[in-house]
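Everything below concerns the one structure shown next.
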Amino acid sequence: MRPEWVPLSASALVIGAMALVFGTVLNRFCVQAAIGLPLTVYGKGGQTRGFLDIRDTVRCIEIACLNPAAKGECRVYNQFTEQFSVLDLAKKVQVAGKHLGLDVKIDHLPDPRVEAEQHYYNAKHSKLIDLGLQPHLLSDSLLDSLVNIAVKYRDRVDHSLMMPTVNWREPNNERSLHKREAVASRVAVASEER
């Protein structure tokens, strides 16, 4: 199980090449809210994901190292502390944006990933907590802080990277000029509407 990435710190919202393909939904939503683009939810947004604060990632590694498996034992830790549907997370970012005076909209796009619209998700993650993990949960104040930082640095955002350009349902995903022009056009329309 791959948890979604929660930012390193208040100063480290990152949208990079990996985010364009594999998704870092919380960061993407915060940046989209900051630059006035709708939050891009795939389908109905029922996809559920595990989330983990980066501070907890480091602590989980420490806990695992301090509590090694016995010889011959296989120990698996699900490294996440919370789970949210993508739509629930979008709604949380929308509320955080409103606290900052932003008019945050949610746009439902066709899902470019090959995944069920909704699925059973009941992953267990108690072992690390049993060993002493005290999780940093996604609070309203953390979300407000993340959106505020994205607003502060929104002039550094390359708007053309904010819309999906990879479609996992297609065998060929060349980043053509046509796709980038379509994205740039949509960004321009959204910017004019602000």
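The values are calculated or read from the model by the stated rules, or taken from the named source; none is laboratory data. All values derive from a computational prediction rather than experimental measurement. Neighbour counts run over all protein chains shown; Cβ positions are idealised from the backbone, glycine included.
A few notes on this one:
- Residue satisfying all of: in segment 87-96; among the hydrophobic types (A, V, I, L, M, F, W, C) and either surrounded by fewer than 18 Cβ atoms within 10 Å (Cβ to Cβ) or without any contact (Cβ under 8 Å) to a residue 60 or more places away in the chain (or both); farthest from LEU39 (Cα to Cα) among these: VAL95
- Test: residue in segment 117-132 that is under 20 Å from MET163 (Cα atoms), at pLDDT below 95 and not aromatic (Phe, Trp, Tyr): yes
- Filtering segment 132-157 to residues that are assigned to a loop (DSSP other than H, G, I, E, B), within 14 Å of ASN27 (Cβ to Cβ) and more than 16 Å from the chain's Cα centre (by Cα) leaves TYR153, VAL157.
- Cβ-Cβ distances below 7 Å connect the following pairs, each with a first residue in segment 51-65 that is over 21 Å from THR24 (Cα atoms), a second residue that is exposed (fewer than 13 other Cβ atoms within 10 Å of the Cβ) and not polar (S, T, N, Q), and a separation of six or more residues or different chains: ILE63/GLY132.
- Note on segment 97-149: among residues that are loosely packed, with under 15 Cβ neighbours inside 10 Å and of a type in the set (Ser, Thr, Tyr), the one that is farthest from PRO38 (Cα to Cα) is SER126.
- Those residues of segment 39-86 which are part of a loop (DSSP other than H, G, I, E, B), buried (at least 19 other Cβ atoms within 10 Å of the Cβ) and not acidic (Asp, Glu), in sequence order: GLY45, GLN47, GLN79, PHE80, THR81
- A single member of VAL93, VAL76, VAL104 is closer than 21 Å to PRO135 by Cβ, touching a strand residue (DSSP E or B) at 6+ places or on another chain (Cβ under 9 Å) and not hydroxyl-bearing (Ser, Thr, Tyr), and it is VAL93.
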